[in-house]
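For reference, the structure discussed in these notes is given below.
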Amino acid sequence: MKKAWRSIILIYTVTLDPSESVVGKGINISLILKKLGIESIATGIVNHKNVEQVAEELDKAKIENQFIEQKRGIKIIAKNQQKLLDYLKILKAGDILVIAGSFAKGIDPVYLTDLARVADKRAAGLVVDVPYENVLDILPMNPLLIKPNETELKHWFEKDNEKVTTKELIDMAHNLVVKGAQHVLISLGANGAAIVNMMDALMAHAPEIEEVDSTGSGDALLGTFLAGMLKGYTPVRNLADAIAAGSDTAQSKWLTDFTTTPALQKQVIARRITFEEAE
């Protein structure tokens with residue numbers, strides 16, 4: 001393999017929404033990691049109509065990819081779902097499996113548990129960014145990182161129609177940590193983000209920007225935060241970097257190229273808080 005670190009760790013990003021577009025959250029995360037000098041393997045299930053385009057885009061970015069092609073229709077058949085599970089048995093201890101985005105028609109949200117079990121059995125780290133409450137079922141497997149937004153947290157805790165405070169969101173995230181998640185990264189959109197673990201929480205507001213398109217900003221946030229974890233950055237710097245990347249993506253036509261993120265990062269002030277202090 002070309003880079004020494006790959007002999008130590010491999011990152012696999014999974015995309016399960018093979019639409020007409022090549023855009024997929026797992027693919028976006030692979031693109032962000034690549035921009036930050038971290039290799040990954042993009043995988044998942046892609047509709048036959050765009051499998052070549054997906055491969056071409058990733059090849060252009062020099063990202064290794066191994067997708068399963070859904071040859072007929074848009075409903076993902078069980079055979080292809082099993083093929084992906086079998087492929088992921090390549091995972092080894094210390095590797096990281098990133099599952100991001102909604103599931104296509106035909107894939108029941110319980111499939112998340114099947115994917116998580118593959119990672120768990122192989123002692124691979126698990127990073128999850130999906131909207132389904134099935135995330136609660138995989139907490140006993142101690143996922144490395146999960147990234148809910150405010151809407152998802154409220155739904156998981158049956159508070160859909162309630163107005164919640166930041167303190168309540170922090171408490172919800174802490175509850176997820178108590179149940180097994182190692183880290184919970186809360187995406188708060190224009191309000192920034194928070195990272196919660198068993199010890200404490202860090203919060204930071206986003207810098208003021210003129211939003212162009214927020215598509216992919218959450219992927220930039222997660223990809224940058226994961227990269228920072230792998231590089232051993234301090235949590236304060238890591239959160240600031242991630243928020244800057246998400247903000248820059250929101251003020252751009254597509255994913256950040258990181259040329260202007262340093263200026264945005266200087267505007268992000270992360271503060272450590274206790275769960276009782278969150279407001």
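Table for the structure above
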{"item": "Every residue from the range 115-132 that is touching a residue at least 24 places away in the same chain (Cβ under 8 Å) and either on the phi > 0 side of the Ramachandran plot or surrounded by fewer than 16 Cβ atoms within 10 Å (Cβ to Cβ) (or both)", "result": "Arg117, Ala123"}
{"item": "In the range 17-45, the residues that are part of a loop (DSSP other than H, G, I, E, B), buried (at least 23 other Cβ atoms within 10 Å of the Cβ) and modelled with pLDDT of 95 or more", "result": "Ser40"}
{"item": "Within the range 242-276, considering residues that are of a type in the set (Phe, Trp, Tyr) and farther than 20 Å from Met229 by Cβ, the one most open to solvent (accessible area, probe 1.4 Å)", "result": "Trp254"}
{"item": "Enumeration of residues in the range 38-57 that are within 18 Å of the chain's Cα centre (by Cα) and free of Cβ contacts under 8 Å to residues at least 40 places away in the same chain", "result": "Glu39, Ile41, Ala42"}
{"item": "Residues (among the hydrophobic types (A, V, I, L, M, F, W, C), open to solvent by less than 10 Å² (accessible area, probe 1.4 Å) and more than 11 Å from Leu36 (Cβ to Cβ)) located in the range 222-241", "result": "Leu222, Leu239, Ala240"}
{"item": "Per-region count, the range 116-126, residues of a type outside the set (Gly, Ala, Ser), part of a helix (DSSP H, G or I) and touching a strand residue (DSSP E or B) at 6+ places or on another chain (Cβ under 6 Å)", "result": "0"}
{"item": "Count of the range 191-215 residues which are touching a residue at least 60 places away in the same chain (Cβ under 8 Å) and either open to solvent by 40 Å² or more (accessible area, probe 1.4 Å) or touching a Phe, Trp or Tyr at 6+ places or on another chain (Cβ under 7 Å) (or both)", "result": "3"}
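Residues checked against (1) assigned by the TED database to the domain that holds Ile45; (2) in contact with a strand residue (DSSP E or B) (Cβ under 6 Å, 6 or more places away or on another chain):
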site: Leu112; (1), (2): yes, no
site: Asn134; (1), (2): no, no
site: Ile138; (1), (2): no, no
site: Lys163; (1), (2): no, no
site: Ile170; (1), (2): no, yes
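The values are calculated or read from the model by the stated rules, or taken from the named source; none is laboratory data. All figures in this text were calculated on a predicted structure; none of them were measured in a lab. When we count neighbours, we look across all protein chains shown, and the Cβ atoms used for this are built from the backbone with ideal geometry, even at glycine. Please note that ligands, DNA and RNA were not included when accessible areas were found on the heavy atoms of the full protein model with its side chains. Shrake-Rupley method; radii C 1.70, N 1.55, O 1.52, S 1.80 Å.
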